[in-house]
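Peer 1: This is the structure, below, for whatever I ask next.
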Amino acid sequence: MAIQVKTFEQLKVMRRAGLLVGQTLELLKSSIKVGMRTDALDAIAAASIKRGGGTSNFKGYHGFPATICVSINDQIVHGIPSDRVIEDGDIVSIDCGAIIEGWHGDAAFSVGAGKVDPADQKLMDVCEESMWRGIAAGSVGAKLTDISHAIEDYITSQGKYGILQEYGGHGIGTEMHQEPHVLNFGKRGMGPELTPGFVLAIEPMITRGTHKTKVLSDDWTVVSIDKSRGAHFENSYCLLSDGKPFVLTALDGGKERLGALGIEVSELLQ
Ligand code: MG
Ligand code: MG
């Protein structure tokens, strides 16, 4: 399938979907408490998406039973909300998406509950910053794998972390998962050249140990095989006709975090 290049009008709708995802994730982040069941978070997300006039793209996706993925500790991605209770010191990773008028948003974060081990906090900080570095490298005129390389380069500069290899970022638009696949590692300078109208979900997934994973018997939950803890961050961003990026799923469009990396965010969608 060819890469779906979006028009400005389509990007405006994608911003609405992305903003709803971003707002829902902020609400979830502030709702997470030790002692809470993960399916309570799912209910909060479902209500938020409904209130915002969207629908869930996760629910029913290849049979996925919930509105969000909640993955705890050695679960890295695709965990199913359940009666599991969040414990002190857990790493809670939440992935969420929404559709507005047929256009998709997709984003994720990890956060510590209660008293967080500093090494876990660093894992999350490294993962998040690598996502921003990836987006910053994915400017107009760059090649796709410039993103991949920037993510890997930052992570490896920060210590020994496992970078998941079977999972990565992706194009997003009228489907949640579109071409191209975006690896979180590799050489720069390969793949398609990025142009205005590209929309990519950038989502590094790393562990404090191995990059090797397996899927649990629920057919969804991805865990590290050495039980090391993982983190996952994701934002969907676009490139605009002024040659600048805009992060569709960030409340501020990525202004603060990309600005810190010397990247100016487009004002066309604000
Ligand atoms: Mg996602
Ligand atoms: Mg995604």
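Peer 1: Kindly indicate whether MET205 is open to solvent by less than 10 Å² (accessible area, probe 1.4 Å), touching a strand residue (DSSP E or B) at 6+ places or on another chain (Cβ under 7 Å) and closer than 20 Å to ALA150 by Cα.
Peer 2: Working: open to solvent by less than 10 Å² (accessible area, probe 1.4 Å): yes; touching a strand residue (DSSP E or B) at 6+ places or on another chain (Cβ under 7 Å): yes; closer than 20 Å to ALA150 by Cα: yes.
In short, yes.
Peer 1: For the stretch 34-63, what are the residues that are farther than 19 Å from VAL92 by Cα, assigned to a loop (DSSP other than H, G, I, E, B) and either touching a residue at least 60 places away in the same chain (Cβ under 8 Å) or touching a helix residue (DSSP H, G or I) at 6+ places or on another chain (Cβ under 9 Å) (or both)?
Peer 2: Passing the criteria: GLY52, GLY53, GLY54, SER56, ASN57, LYS59.
Peer 1: Continuing with the same structure: Checking the structure you have, find out if any residue of the stretch 11-31 is in a helix (DSSP H, G or I), surrounded by 17 or more Cβ atoms within 10 Å (Cβ to Cβ) and of a type in the set (Lys, Arg).
Peer 2: Yes: one or more hits.
Peer 1: Related question: Checking LYS160 against (1) open to solvent by 30 Å² or more (accessible area, probe 1.4 Å); (2) in a strand (DSSP E or B); (3) not hydroxyl-bearing (Ser, Thr, Tyr), which single condition isn't satisfied?
Peer 2: Unmet for LYS160, out of (1) open to solvent by 30 Å² or more (accessible area, probe 1.4 Å); (2) in a strand (DSSP E or B); (3) not hydroxyl-bearing (Ser, Thr, Tyr): (2).
Peer 1: I need the full set of residues from the stretch 67-85 which are among the hydrophobic types (A, V, I, L, M, F, W, C) and open to solvent by less than 30 Å² (accessible area, probe 1.4 Å), in order please.
Peer 2: First, pick out the residues of the stretch 67-85 that are among the hydrophobic types (A, V, I, L, M, F, W, C): 68-70, 72, 76-77, 80, 85.
ILE68, CYS69, VAL70, ILE72, ILE76, VAL77, listed by residue number.
Peer 1: The conditions are (1) more than 16 Å from ligand 1 (Cβ to nearest atom); (2) touching a helix residue (DSSP H, G or I) at 6+ places or on another chain (Cβ under 8 Å), and GLY209 fails exactly one of them. Which is it?
Peer 2: Going through (1) more than 16 Å from ligand 1 (Cβ to nearest atom); (2) touching a helix residue (DSSP H, G or I) at 6+ places or on another chain (Cβ under 8 Å) one by one, GLY209 breaks only (2).
Peer 1: A further question follows. Please identify the pairs in which a residue from the stretch 256-267 that is without any contact (Cβ under 8 Å) to a residue 24 or more places away in the chain has its Cβ atom under 6 Å from the Cβ atom of a residue that is aromatic (Phe, Trp, Tyr) and outside any helix (DSSP H, G or I), counting only partners at least 6 apart or on another chain.
Peer 2: Filtered contacts from the stretch 256-267: VAL265/PHE246.
Peer 1: Filter the stretch 72-85 down to the residues that are among the polar types (S, T, N, Q) and assigned to a loop (DSSP other than H, G, I, E, B), then identify the one that is nearest to the chain's Cα centre (by Cα). Step through it out loud before you land on a result.
Peer 2: Just the residues of the stretch 72-85 that are among the polar types (S, T, N, Q), to begin with: 73, 75, 82.
Now narrow it down to the ones that are assigned to a loop (DSSP other than H, G, I, E, B): 73, 82.
Working: ASN73: 17, SER82: 21 Å.
Out of the qualifying residues, it is ASN73.
Peer 1: Give the residue, chosen from ALA136, ALA150, that is buried (at least 19 other Cβ atoms within 10 Å of the Cβ), small (Gly, Ala, Ser) and more than 24 Å from GLN23 (Cβ to Cβ). Steps first, please.
Peer 2: Details: ALA136 fails: more than 24 Å from GLN23 (Cβ to Cβ).
Selected residue: ALA150, the only one of ALA136, ALA150 that is buried (at least 19 other Cβ atoms within 10 Å of the Cβ), small (Gly, Ala, Ser) and more than 24 Å from GLN23 (Cβ to Cβ).
Peer 1: State which residue pairs qualify: first residue under 13 Å from THR67 (Cβ atoms) and inside the stretch 93-121, second residue within 12 Å of ligand 2 (Cβ to nearest atom) and open to solvent by 30 Å² or more (accessible area, probe 1.4 Å) in any location, beta carbons under 9 Å apart, and separation of 6 or more residues or different chains.
Peer 2: Qualifying pairs under 9 Å: ASP95/HIS78; GLY97/TYR61; ASP106/HIS177.
Peer 1: Moving to a separate point now. Could you give me the residue pairs with C-beta distances under 8 Å whose first residue belongs to the stretch 10-22 and is farther than 13 Å from ALA107 by Cα, whose second residue is of a type in the set (Ser, Thr, Tyr) and surrounded by fewer than 24 Cβ atoms within 10 Å (Cβ to Cβ) wherever it lies, and which are 6+ apart or on separate chains?
Peer 2: Every condition considered, no pair remains.
Peer 1: Please state which one of ASP95, ASP125, ASP120, ASP88 is assigned to a strand (DSSP E or B), acidic (Asp, Glu) and either over 28 Å from LYS244 (Cβ atoms) or open to solvent by 10 Å² or more (accessible area, probe 1.4 Å) (or both).
Peer 2: Numbers: ASP125 fails: assigned to a strand (DSSP E or B); ASP120 fails: assigned to a strand (DSSP E or B); ASP88 fails: assigned to a strand (DSSP E or B).
Matching residue, one of ASP95, ASP125, ASP120, ASP88: ASP95.
Peer 1: Additional query: Evaluate the following for THR174: is it open to solvent by 50 Å² or more (accessible area, probe 1.4 Å) and without any contact (Cβ under 8 Å) to a residue 12 or more places away in the chain? Let's see the steps before the verdict.
Peer 2: Working: open to solvent by 50 Å² or more (accessible area, probe 1.4 Å): yes; without any contact (Cβ under 8 Å) to a residue 12 or more places away in the chain: no.
Answer is no for this residue.
Peer 1: Can you tell me which residues in the stretch 181-206 are under 28 Å from ILE100 (Cβ atoms) and within 16 Å of ligand 1 (Cβ to nearest atom)? Can you show your working first?
Peer 2: First, pick out the residues of the stretch 181-206 that are under 28 Å from ILE100 (Cβ atoms): 181-182, 184, 192, 194-205.
Matches in the stretch 181-206: HIS181, VAL182, ASN184, VAL199, LEU200, ALA201, ILE202, GLU203, PRO204, MET205.
Peer 1: Please go through (1) over 15 Å from the mean Cα position of the chain (by Cα); (2) in contact (Cβ under 8 Å) with a residue 60 or more places away in the chain; (3) assigned to a loop (DSSP other than H, G, I, E, B) for PRO180 and return the number of the only condition it doesn't satisfy.
Peer 2: (3)
Peer 1: Within the bounds of the stretch 33-44, is there any residue that is touching a Phe, Trp or Tyr at 6+ places or on another chain (Cβ under 6 Å) and farther than 18 Å from SER228 by Cα? Spell out how you get there, then give the answer.
Peer 2: Taking the stretch 33-44 as the starting set, the residues that turn out to be touching a Phe, Trp or Tyr at 6+ places or on another chain (Cβ under 6 Å) are none.
Checked against the condition, which is being touching a Phe, Trp or Tyr at 6+ places or on another chain (Cβ under 6 Å) and farther than 18 Å from SER228 by Cα, the stretch 33-44 yields no hits at all.
The values are calculated or read from the model by the stated rules, or taken from the named source; none is laboratory data. Keep in mind the model is a prediction, meaning the values are calculated, not measured. All Cβ positions, glycine included, derive from the backbone under ideal geometry; neighbour counts span all protein chains shown. Accessible surface areas use protein heavy atoms only, side chains included; no ligands, DNA or RNA. Shrake-Rupley method; radii C 1.70, N 1.55, O 1.52, S 1.80 Å.
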